[in-house]
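The values are calculated or read from the model by the stated rules, or taken from the named source; none is laboratory data. From a predicted model like this one, the values you see are computed outputs, not experimental measurements. Here the Cβ is made from the backbone with ideal geometry for all residues, glycine too, and neighbour counts use every protein chain on show. Note: areas computed on protein heavy atoms with side chains; ligands, DNA, RNA excluded. Shrake-Rupley method; radii C 1.70, N 1.55, O 1.52, S 1.80 Å.
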Amino acid sequence: MDDSRSQPDWLQQRERMVTEQLAQRGIVAPRVLDAMRRIPRERFVLPALAWRAYEDSALPIDCDQTISQPYMVARMTELLELEPDSRVLEIGTGSGYQTAVLALLAGEVYTIEWHLKLLNQAADRLESLGLTNVTFRCCDGSQGWPERAPYDAIIVTAGAPGVPACLADQLRVGGRLVIPTGPLGDQTLERLRRTEAGLAREELFKCRFVKLLGQEGWSD
Ligand code: SAH
């Protein structure tokens, strides 16, 4: 029997995702579109759900968490305005999919995950893709990683009650923080930019993320 018919054509599915879910919905940064074209999302989902890897949705992963919707990953990445030499902090490694996109676009990525199982899986995936500019840490990331600050960009991929002041403090002047905030079920994606004069804050759109745990997050 010809096996090739049962093998999904991942490249074609990924290309369609980039066109229909991202470019046609307003993602314009060529570097972001290119990174989304290069990272194999099928390797970041549960093996049993690989056939759904290019759906326009978040999907369950281990530890009751989710891999974010591709559009959300692209949109948040675009909002970070990364340069090839940027230093970026990610809070909520999860599957490592967003981490991999950041690793292609930035110089150094620091990522923190609460669940060791997820962190180990993500680290293995990134290693197998040859992405070596990522430093992993397993702990409560809700207060950031001050020892490695300042960052050009900080991304939080879980919903916080509000913006933790200690995270904004870890941005360099000009740096961007992208974070979902607000009550569960009614979250808003926010971008804060640190300026000489203080913080410039933009409320962007409604969204839905799993809980940020820890000191600056929700209690378990
Ligand atoms: N960008 C990830 C999203 C994962 S969901 C992806 O697309 O796969 C959010 C993640 O944040 C979960 O893995 C959860 O365990 C983690 N998380 C929640 N609170 C955290 C905290 N205080 N510190 C570090 N990670 C946290």
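So if I check each of Arg191, Arg201, Arg137, Arg176, which one is open to solvent by 70 Å² or more (accessible area, probe 1.4 Å), away from the ligand (no atom under 14 Å from the Cβ) and not aromatic (Phe, Trp, Tyr)? Result: Arg201 is the single residue among Arg191, Arg201, Arg137, Arg176 that is open to solvent by 70 Å² or more (accessible area, probe 1.4 Å), away from the ligand (no atom under 14 Å from the Cβ) and not aromatic (Phe, Trp, Tyr).
Among strands (runs of 3 or more DSSP E) entirely within the range 150-206, having at least 3 residues that are in contact (Cβ under 8 Å) with a residue 40 or more places away in the chain, closer than 24 Å to Ser219 by Cβ and under 18 Å from the mean Cα position of the chain (by Cα) singles out 151-156.
Can you say whether Thr111 is of a type in the set (Val, Ile, Thr), buried (at least 17 other Cβ atoms within 10 Å of the Cβ), under 12 Å from the mean Cα position of the chain (by Cα) and within 8 Å of the ligand (Cβ to nearest atom), as far as the supplied structure shows? Against the criterion (of a type in the set (Val, Ile, Thr), buried (at least 17 other Cβ atoms within 10 Å of the Cβ), under 12 Å from the mean Cα position of the chain (by Cα) and within 8 Å of the ligand (Cβ to nearest atom)), Thr111 does not qualify. A single member of Thr132, Thr157 is at pLDDT 95 or above and under 22 Å from Ile61 (Cα atoms), and it is Thr157.
Counting only residues that are part of a helix (DSSP H, G or I) and either among the small types (Gly, Ala, Ser) or within 17 Å of the chain's Cα centre (by Cα) (or both), the range 18-62 holds 18 of them.
Met72 satisfies every condition listed in (1) out of contact with any Phe, Trp or Tyr (no Cβ under 7 Å at 6 or more places or on another chain); (2) open to solvent by less than 10 Å² (accessible area, probe 1.4 Å); (3) aliphatic (A, V, I, L, M); (4) not in a strand (DSSP E or B) except (2). Kindly establish whether Gln143 is touching a Cys at 6+ places or on another chain (Cβ under 7 Å) and either within 20 Å of Leu59 (Cβ to Cβ) or within 12 Å of the ligand (Cβ to nearest atom) (or both). When the stated conditions are applied, Gln143 passes them. If only residues of the range 41-86 that are of a type in the set (Lys, Arg) and touching a residue at least 24 places away in the same chain (Cβ under 8 Å) are counted, the one that is nearest to Val178 (Cα to Cα) is Arg75.
Listed here are the residues, each with its yes/no results for (1) more than 10 Å from the ligand (Cβ to nearest atom); (2) open to solvent by less than 10 Å² (accessible area, probe 1.4 Å); (3) not in a strand (DSSP E or B).
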| residue | (1), (2), (3) |
| --- | --- |
| Leu79 | yes, no, yes |
| Leu82 | yes, no, yes |
| Glu90 | no, yes, no |
| Ala100 | no, yes, yes |
| Leu104 | yes, no, yes |
